[in-house]
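A.B. asks: Quick one: the structure is below, and I'll ask about it shortly.
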Amino acid sequence: MAVPGTAAPGHARLLAFALVLAVLRGAVCESNHTRFAMVSRGGNAPSWRPGSGAGKGSARVPAPSPPLDTCGCGPAPAPAPSEFLNDKLRPLYPVIQAFKTTITCDPLGVTASWVGPKLCDSFFGGNMYRGFYCEHPPGLANDNSTLTVASIDFNGYGLCAPSIAGFVDAFPDLALFHANSNNLSGEVPDLTRLPYFYELDLSNNNFSGPFPNTVVPLGGLLFLDLRFNRFVGTVPAPIFDLSVVALFLNNNGFYGRIPDNFGSTTAEYLVVANNQFTGPIPRSIYNTSANLSEVLFLNNQLSGCLPYEIGLVEGLTVFDAGGNEITGPIPLSLGCLGSVEELNLAGNQLYGHIPDVLCMLAKTGKLQNLSLSDNYFHSVGHHCLELVRRRVLDVRLNCILNFPNQRPALECARFYADPPQHCPFVPHIPCDLPGFRPPAAATLSAAADGGGGN
């Protein structure tokens, strides 16, 4: 299905909410608008907040304004059936108007354009029905008789509404619904009856409760973004069986173990950061080698040993597991990540020797940023020293003798006297590394003793 992009010409311009002359009363209705600044937080979803600048975790959406129709101006009369472009659009008009009556704040005045019969005005270069985009369903003639609403993009509109049920699910030919940075809430509707649907973005809203199980049966879903909401509870294992390209679950209240079938995901981009997940990174991650490019586990409560299987995910470009409780030595298998550009393991309980096989990726691979700070490493290899000098490698707050900005010696001694967990050191490297010569057996034995924390 040829679906328009999320941005159309003029799509980002602010639409002035015109003063409307009330035909019957001769009165003037005036909308009450508040301006908000869109703030980007790194690679996370942008958030709406007042110009006063609330801190992290504060309300990310505007407080609801009074209902749009507060001065006695009734809704415009419904268009005659003959005024609609075709029979597919006529039943969508009351759906949009019903949703419009539930909206309690509209800081950009977009709903002022939701009047009249021209639901597909943007298709012809017009400005009516902002946020609604039309296309021809697949297999049907490309003429005006088949034109229908194929995507809805409310990104950045700041709309307040108590529910999207009965709205999103009422567009039979819908393929995309994007609603980043609004104040939407309620239940996520059942979208399984929409045969073309493949993108759902509910990020940076006010959805809450358990993981929305209505998205689990969406077998054709390619993009799912639930970040920056207030969902809580465990994540159902079938979510990792979806054929998605991108899966964003970060900045919610999800907890429990990451399901063991994590490795079944087809995602290229997978983010579960800033939740409360516990337990180890699933060893099944090696099954994602054919597709996974970027994965972010940071700022959870993950523990256990750093899996050897991470080194088998050949296409990784970004791996971030900082800010957890992961322990053990760095597996030599990570030296096989020839495509990795950013690797963050800071803020864990990793220990032992920082292996040269990892640091050599800055020469033989694409590594540009390696952060191992705030751990308990006691030594570094020759190539790692070079990366420290070049500021590619950050090793602050470790236990490396004669290095600046390290932990107190007593703290390091206490840690090595009783490390949190014994993790095996596996000397095998599952790939051929240019310029790397395996160490002698005696050296490996010593490394194994040090890697176990004994």
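Every number in this text was worked out from the coordinates using simple rules, so none of it is lab data. A quick note: this is a predicted structure, and the numbers were derived from the prediction, not measured. Neighbour counts run over all protein chains shown; Cβ positions are idealised from the backbone, glycine included.
A.B. asks: What nm value, rounded to one decimal, do you get for the distance between GLU314 and HIS428 when each label is placed 7 Å out toward the C-beta?
C.D. replies: That separation, rounded to one decimal, is 1.7 nm.
A.B. asks: How big is the dipole moment of the stretch 303-454 about its Cα centre under a simple scheme where the beta carbon of each Lys and Arg is +1, that of each Asp and Glu is -1, and everything else is neutral? Debye, nearest 20, please.
C.D. replies: Here the stretch 303-454 has a charge dipole of around 440 debye.
A.B. asks: Then there's this: With +1 on each Lys and Arg Cβ and -1 on each Asp and Glu Cβ, and nothing else charged, work out how big the dipole of the stretch 108-218 is about its Cα centre, in Debye to the nearest 20.
C.D. replies: 200
A.B. asks: A further question on this structure: How far apart, in nm, are two points set 7 Å out from the Cα along the Cα-to-Cβ line at ASN142 and at PHE124?
C.D. replies: 1.9
A.B. asks: Considering all alpha-carbon pairs of the stretch 319-423, what whole percent are spaced by more than 17 angstrom?
C.D. replies: Considering the stretch 319-423, 48 percent of its Cα-Cα pairs are separated by more than 17 Å.
A.B. asks: Right, next: May I ask you to derive the FRET efficiency for SER289 and ALA98 from their Cβ-Cβ distance with R0 = 56 Å, giving the value to the nearest 0.05?
C.D. replies: 0.70
A.B. asks: Where does each of TYR286, TYR351 land when they are ranked from fewest to most other beta-carbon atoms within 10 angstrom?
C.D. replies: Lowest count first: TYR286, TYR351.
A.B. asks: To continue, here is another question. In nanometres, what is the gap between the two model label sites at ASP418 and ASN86, each 7 Å from Cα along Cα-to-Cβ?
C.D. replies: The two pseudo-label positions are separated by 7.3 nm.
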